[in-house]
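Asker: Provided herewith is a single structure, encoded as structure tokens, for subsequent inquiry.
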Amino acid sequence: MARALEEVQEDLGECRRCELCETRTTIVFGVGNPKAEVMLIGEAPGCKEDLGAEPFIGAAGKYLNELLALAGLERKDVYIANILKCRPPQNADPLPHQIEACTPFLRKQVRAIEPLILVTLGRFSSQFILKTDTGISHLRGRVHLTGRYSVLPIFHPAAAIYDRTKRPLLEHDFALLKLLLEKRHEELGSRT
């Protein structure tokens with residue numbers, strides 16, 4: 001699986017498929033356990049991520065670490081990627097043509113990892129993975145199935161930094177992730 005991810009990264013190369021290549025510092029490919037049961041998918045790198053070449057290392061990443069602990073997980077247990085591999089200027093929302101240019105690599109990352117659960121963090125990743133226009137407020141809090149994947153849409157951790165009323169919802173959803181993982185482990189254990 002690690003080799004499969006390396007091949008995806010080699011295929012991505014020094015990507016120039018959209019204008020974000022002109023303003024990025026680095027490509028933020030993804031990081032984590034190549035055999036992860038849980039893959040988290042965010043929106044796009046922010047300033048710190050663009051400089052550090054790793055997703056979720058700023059303030060939202062610190063909060064994400066706390067949330068992962070609620071699910072009984074650490075960063076080393078999961079794989080983290082984004083819809084976009086390059087930072088949009090001023091952290092602007094991803095544009096449709098940017099998503100179209102980047103998501104073939106995300107799809108390949110998902111296939112290389114083959115997680116049990118996809119956690120989509122925020123509107124853009126949730127709508128892309130679930131192929132819907134429904135907003136994150138209506139998607140979160142329950143498990144969706146798409147293909148062979150269980151998908152758990154959750155507010156982006158940055159949303160709770162700007163709006164503290166979202167913290168209980170994020171904490172609830174990461175507790176739900178823990179229950180979902182336990183259930184999947186029981187199901188897999190009963191099949192052997």
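Asker: For the range 60-131, place one equal point scatterer on every Cα, skip the solvent, and apply the Debye formula. What is log10 of I(q)/I(0) at q = 0.18, 0.20, 0.22 Å⁻¹?
Answerer: The Debye formula, applied to the Cα set alone, gives -0.82, -0.99, -1.15.
Asker: Springs between alpha-carbon atoms under 10 Å, Gaussian network over the chain: tell me which of E54, E14, E37 tops the mean-square fluctuations.
Answerer: Of E54, E14, E37, the most mobile in the Gaussian network model is E14.
Asker: Quick check on the range 1-94: take the gyration tensor over C-alpha atoms, sort the square-rooted eigenvalues as a ≥ b ≥ c, and tell me if it's rounded (a/c under 1.5), prolate or oblate. List each step's numbers first, then the result.
Answerer: Numbers: a/c = 2.54, a/b = 1.28, b/c = 1.98.
It comes out oblate by the Cα gyration axes.
Asker: Taking Rh as the Kirkwood radius computed over C-alpha pairs, what is the Stokes-Einstein D of the range 95-179 at 20 °C in a medium of viscosity 1.002 mPa s, expressed in µm² per second?
Answerer: Values: Rh = 13.5 Å.
For the chosen part, D equals 159 µm²/s.
Asker: In vacuum, with every alpha carbon of the chain counted as one equal point scatterer, what does the Debye formula give for log10 I(q)/I(0) at q = 0.11 Å⁻¹? Two decimals, please.
Answerer: The Debye formula, applied to the Cα set alone, gives -0.45.
Asker: OK, next. Return the percentage of antiparallel bridges among DSSP beta bridges fully within the range 84-166, rounded to the nearest 5 %. Spell out each step's value before the answer.
Answerer: Working: 3 of 8 bridges.
Once the DSSP bridges in the range 84-166 are tallied, antiparallel ones form about 40 percent.
Asker: Would you work out which of A101, I80, L116 lies farthest towards the positive end of the dipole of the chain, given +1 charges on the beta-carbon of Lys and Arg and -1 on that of Asp and Glu, about the Cα centre?
Answerer: Of A101, I80, L116, it is L116.
Asker: Hey, can you list the DSSP H helices of the chain whose Cα span along the axis is 27 Å or longer and whose average Kyte-Doolittle score is at least -1.0?
Answerer: Working: long enough: 167-190 (35 Å, -0.35).
Length and hydropathy pass: 167-190.
Asker: While we're on this one: Say we join alpha carbon atoms closer than 10 Å with springs in a Gaussian network model of the chain; which of R107, R142, R164 then has the biggest fluctuation?
Answerer: In the Gaussian network model the winner is R164.
Asker: Pull up all non-local amide H partners of L40: gap of 5 or more, or a different chain, and H-to-H distance under 5 Å with H placed in the peptide plane.
Answerer: Correct list: Y79, I80, A81, V119.
Asker: Exactly which trypsin sites (Lys or Arg not before Pro) in the range 1-48 are in a DSSP loop and have at most 10 other Cβ atoms within 10 Å?
Answerer: Numbers: sites: R3, R16, R17, R24, K35, K48; in loops: R16, R17, R24, K35.
Of the trypsin sites (Lys or Arg not before Pro), the ones in loops of the range 1-48 whose Cβ has at most 10 other Cβ atoms within 10 Å are R16.
Asker: Quick one: if the Förster radius is 45 Å, what FRET efficiency do R142 and R16 give, using the C-beta to C-beta distance and rounding to 0.05? Spell out each step's value before the answer.
Answerer: Numbers: r = 39 Å, r/R0 = 0.87.
The formula returns an efficiency of 0.70 here.
Asker: For the range 114-158, with equal point scatterers placed on the C-alpha atoms only and solvent neglected, what are the log10 I(q)/I(0) values from the Debye formula at q = 0.15, 0.19, 0.23, 0.26 1/Å, to two decimals?
Answerer: Debye output, listed in q order: -0.29, -0.47, -0.69, -0.87.
Asker: Nearest 20 debye, what's the magnitude of the dipole of the chain about its Cα centre given +1 on Lys and Arg Cβ and -1 on Asp and Glu Cβ? Before the final figure, lay out each step's value.
Answerer: Values: 26 positive and 25 negative charges, 75 e Å.
So the dipole magnitude of the chain works out to roughly 360 debye.
Asker: Check which residues have an amide H placed less than 5 Å from I57's amide H, if you skip close sequence neighbours.
Answerer: For I57, whose amide H was placed from the backbone, the distant partners under 5 Å are E49.
Asker: Counting heavy atoms of the protein chains only and a 1.4 Å probe, report the per residue accessible area for the chain as a whole number of Å². Mind showing how you got there, number by number?
Answerer: On the way: 9570 Å² over 192 residues.
Heavy-atom accessible area per residue stands at 50 Å².
Asker: May I ask which of K35/K76; K48/K178; K35/K178; K76/K178; K35/K108 have a Cα-Cα span longer than 20 Å here? Let's see the in-between values first.
Answerer: Numbers: K35/K76 10 Å; K48/K178 28 Å; K35/K178 18 Å; K76/K178 16 Å; K35/K108 14 Å.
In this structure, K48/K178 lie more than 20 Å apart at Cα.
Asker: Now for a separate question. Calculate the FRET efficiency for I161 and E74 from the Cβ-Cβ distance with a Förster distance of 30 Å, rounded to the nearest 0.05. Walk me through the numbers before you get to the answer.
Answerer: Values: r = 21 Å, r/R0 = 0.69.
After rounding to 0.05, the efficiency reads 0.90.
Asker: Let me ask another. Pick from L145, L130, L40 the residue whose mean-square fluctuation is largest in a GNM of the chain, springs joining Cα atoms under 10 Å.
Answerer: Ranking L145, L130, L40 by mean-square fluctuation puts L145 first.
Asker: Something else now. Roughly speaking, what is the centre-to-centre gap between the range 1-60 and the range 62-125 when only Cα atoms are used, to the nearest Å?
Answerer: A separation of 9 Å, based on Cα centres.
Asker: I've got another one for you. Share of antiparallel DSSP beta bridges in the chain, in percent to the nearest 5? Write down the numbers at each step before the final one.
Answerer: Details: 5 of 18 bridges.
Antiparallel bridges make up about 30 percent of those DSSP assigns within the chain.
The values are calculated or read from the model by the stated rules, or taken from the named source; none is laboratory data. Please read all numbers here as calculations on a predicted model, not as lab measurements. Cβ atoms come from the backbone with ideal geometry, glycine included; neighbour counts cover every protein chain shown. Accessible surface is based on the protein model in full, side chains and every heavy atom, while ligands, DNA and RNA are left aside. Shrake-Rupley method; radii C 1.70, N 1.55, O 1.52, S 1.80 Å.
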